[in-house]
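Nothing in this text is a laboratory measurement; each read-out follows from the coordinates by a stated rule. On a predicted model such as this, the values are computed, not experimentally measured, just so you know. Please note: Cβ atoms are built from the backbone with ideal geometry, for glycine as well, and neighbour counts cover all protein chains shown.
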Amino acid sequence: MTEFLSDIHLVNIPGLILFLVLWMLLFRCAHILIMMLRRAPLLGWAIGPLGITFMTLHEPSALAIWLDVFLPALVSGVVLYVGLFTSLSPLPLLHHPILEVLLICFGVLITSTGDVVNALNDLRYPLWGEVRVLRTIQLLQATAARIHFTPFGYSYLRDHFGSNPTDLLRVLSPHTRIQL
């Protein structure tokens, strides 16, 4: 183990930062691709500390849920392999099969654990329609994400909740106290 640690030399710090950004960006793009393939109506999106989240209206099928777990995990593993064990790597690592498998599995575990938990939650307690929208908005507000609605989202909120996004976000805010 000490031989492994003594052989690691950081060759290119900007390259390492670029690799990490590219890894997360391609992982997120795989999620967006799956959402676009589902062709679900887009209510809005949120930008927060956990990345970009898209709010859609319909409950996804079981195939779409698992595809949204496995395709990004596959993309993550491929990017990790290319970024760490080819000549493009900013870190010269040993080409030992056990090391490669461990690092790739650890990286995929980091990126995909939340997806697996969300998929199991969606399969066990399926939410759709208004409940899914309200839950998503509450989770996004809890992470201090900035939520943006599409024109379809505005009309959906007006038709189903009788509210505009500003009022709905104010009511669903975790800091709002409702007195009875």
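Taken as entire DSSP H runs, the helices of the chain that both span 27 Å or more between Cα atoms along their own long axis and average 0.5 or more on the Kyte-Doolittle scale are 13-38, 62-85, 97-124. Say R0 is 35 Å: what FRET efficiency, to the nearest 0.05, do V78 and S163 get from their beta-carbon distance? Taking R0 as 35 Å, the efficiency between V78 and S163 is 0.20. Overall, the ratio between the Cα radius of gyration of the range 93-162 and 2.2 N^0.38 Å, rounded to two decimals, is 1.72. Here the calculated FRET efficiency for L26 and I110, from their Cβ-Cβ distance with R0 = 25 Å, stands at 0.95, rounded to the nearest 0.05.
Computed over the chain with a Gaussian network model linking Cα atoms closer than 10 Å, the most mobile of V82, V69, V116 is V82. When M36, M24 are arranged by Cβ crowding within 10 Å, least crowded first, meaning fewest neighbours, the order is M36, M24. Across the chain, the relative contact order, built from alpha-carbon pairs under 8 Å that are at least six residues apart, equals 29 percent. The simple Förster model, with R0 at 22 Å and r as the Cβ-Cβ distance, assigns F70 and A40 a FRET efficiency of 0.75. Can you tell me what the convex hull of the Cα atoms of the range 2-172 projects to on average, as an area in nm²? For the Cα atoms of the range 2-172, the hull's average projected area reads 11.8 nm². With the simple model of a label 7 Å out from the Cα in the direction of the Cβ, L139 to V171 spans 2.2 nm.
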